[in-house]
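*Asks:* Below you'll find the structure I mean.
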């Protein structure tokens, strides 16, 4: 079995792939669109992509592709806590420059300021790239902020552990596939993700759509408007629905259809905590 | 008068600052939090920061800071179309490597593939950084994807114009300040941005909050849930309200308060198109 994921190795998505599919043939791809396409074209049996970070918000490359272009559904969600490590090629390294993704740098700022006040900061496109880059330049006074998995992947050592400021930092990952997998992981929730397109921009159209869930007492765990890209001011809505009462949610979806409200199912999945 | 903005020079925010305040003393800052802090501490009289891109979505560093930490309001919104240019140090440059922010690279992918199929792609933290970097390395076979303003800023030439794939790409910028400025720019809308905190996560609580606007026929142009960062699954909601009928919206806000629903005003502003 082949599982595609957002690389490079040492990325948070890679870590999810290893934990969910320890014995599968895992294939890294360079960006989210390539991961999804590889699944669409049958190159891989499953695909793992990030969908939302608690600090950065939704990953629009994922949601927009699934809404606009794909006939694909998420069959599982994995939630991973995001912890950042300070990595270098050796424990006693003198550090003059620290590389990482802007978000990881923001998260580790307090630590860096108190421990390496004179270090220069360099932004990279991802934390895993930063780790790979300093591993390729072992003679330089470099460090990187990256996940623990990146240390293992690129032969680096963790010189400071869990340097992120905020503890409430986690990322939701979706598994795209044809059927729900069986994981040996703790299951926490059952959810349905919908993309709702409203016929017009009339006031109250969204309210009407939400009423279908509200009067049935069905909880929504997320709602977000996204531009439709047809004209400025036209939106679709991403809604995450608590699907623990599947029969009740099915009734709500039927009512949505009767009201003439278009929706697309982005995923119907169990949520696993890593 | 001093105006802080998200730098470096040549960035899209810089361009907004120049157009809105052609004769002010403009001061660049390294990240969004620093821009907002400079305004909070009275270092600048106005601050300009990005708040949402039509493709990437909300800028959570902006919205979260304004919700959690600041007593600041947006007093104007500027909408700028995002157009990407291919820049180099000279017109007839041989190009082997192209630098830019991942989003700009995604936008210019089609053009790059057909015109520079063999070029290596390197990710940078921002488009303006990419432009500055290739300007600092004039002897290398480098190009950058960046806004036209970056060409002017770093003495580069545009070797291909408007290479972005999608025309519907624009960014909303907020102006933080004490009073509404008078701009010589076309005004398009009048809006109010609220952050609504719901007492509990009971189904229908959001529905109740929205009903206040819906039954009055007040249009919402955006709605987005954001984690509260207190516990997983607790949210606040960003709602953009059409404020063309100010008296009617004031009644809606009063009803919100009577219902015991907490909200914070993030901005009360006119929208200008650049």
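Every number in this text was worked out from the coordinates using simple rules, so none of it is lab data. The model shown is predicted, which means the values in this text are computed figures rather than measured ones. Neighbour counts run over all protein chains shown; Cβ positions are idealised from the backbone, glycine included.
*Asks:* Quick check: the angle from helix B:102-115's long axis to the longest principal axis of chain B, C-alpha only, nearest 10 degrees?
*Replies:* 40
*Asks:* Here is a follow-up. Using alpha-carbon positions, what is the distance between the centroids of the range B:140-174 and the range A:147-213, in Å?
*Replies:* 32
*Asks:* How many nanometers, to one decimal and shortest first, lie between the label point of residue B:273 and those of its other copies, if labels sit 7 Å from Cα toward Cβ?
*Replies:* 4.8
*Asks:* Please report the antiparallel percentage of the DSSP beta bridges confined to chain A, to the nearest 5. Intermediate values should be presented prior to the final figure.
*Replies:* On the way: 45 of 65 bridges.
Expressed as a percentage, antiparallel bridges in chain A total about 70.
*Asks:* What does the C-alpha gyration tensor say about the overall shape of the range B:103-257? Classify as rounded when a/c is under 1.5, otherwise prolate if a/b is larger than b/c, or oblate.
*Replies:* Numbers: a/c = 2.92, a/b = 2.12, b/c = 1.38.
Verdict is prolate for the range B:103-257.
*Asks:* Run lengths n ≥ 4 of DSSP H only: what is the helix-derived mean residue ellipticity at 222 nm for chain A, with -39500 (n - 2.57) per run over all residues, to the nearest 500? Don't skip to the end; give the middle numbers.
*Replies:* On the way: 8 runs with 81 residues, N = 274.
Roughly -8500 deg cm²/dmol at 222 nm, from the helical runs in chain A.
*Asks:* Which percent, to the nearest 5, of DSSP beta bridges fully inside the protein assembly as shown are antiparallel? Before the final figure, lay out each step's value.
*Replies:* Values: 91 of 131 bridges.
Bridges in the protein assembly as shown that DSSP calls antiparallel: roughly 70 percent.
*Asks:* Helix A:205-214 versus the longest principal axis of chain A: what is the Cα-based angle in degrees, 0 to 90, to the nearest 10?
*Replies:* Around 90 degrees separate the two axes.
*Asks:* Another question, if that's okay. Specify the angular offset, from 0 to 90 degrees and rounded to the nearest 10, of the alpha carbon long axis of helix B:246-258 from the longest principal axis of the alpha carbons in chain B.
*Replies:* It is inclined by approximately 60 degrees.
*Asks:* Indicate, rounded to the nearest 5 percent, the antiparallel portion of the DSSP beta bridges found entirely in the range A:84-160. Kindly include the intermediate steps, with their values, before the conclusion.
*Replies:* Values: 6 of 13 bridges.
In the range A:84-160, DSSP labels about 45 percent of beta bridges as antiparallel.
*Asks:* Given contacts defined as C-alpha pairs under 8 Å and at least six residues apart, what's the relative contact order of chain B, whole-number percent? Each step should come with its number before you reach the end.
*Replies:* Details: 590 pairs, mean separation 64.3, N = 274.
Value for chain B: 23 percent.
*Asks:* Tell me the distances, shortest first, between residue A:102 and the same position across the other copies, using label points 7 Å along Cα→Cβ, in nm to one decimal.
*Replies:* Once sorted, the set of distances for residue A:102 reads 1.2 nm.
*Asks:* For label points placed 7 Å from Cα toward Cβ, what is the shortest-first list of nm distances from residue A:81 to its copies?
*Replies:* Label point to label point, same position, other copies: 4.8 nm.
*Asks:* If you don't mind, another one. Take the alpha carbon gyration tensor of the range B:84-160, find the square roots of its eigenvalues, order them as a ≥ b ≥ c, and report rounded if a/c is under 1.5; if not, report prolate when a/b exceeds b/c, else oblate.
*Replies:* Working: a/c = 1.44, a/b = 1.15, b/c = 1.25.
Rounded.
*Asks:* Still on this model: Nearest beta-carbon of B to the rotation axis carrying it onto A: which residue, how many whole Å?
*Replies:* Nearest-to-axis residue on chain B, with distance in whole Å, is B:224, 2.
*Asks:* Tell me whether chain A comes out rounded, prolate or oblate; compute the Cα gyration tensor, take square roots of the eigenvalues as a ≥ b ≥ c, and use a/c under 1.5 as the rounded threshold. Display every interim value, and only then the final one.
*Replies:* Details: a/c = 2.33, a/b = 1.89, b/c = 1.23.
Verdict is prolate for chain A.
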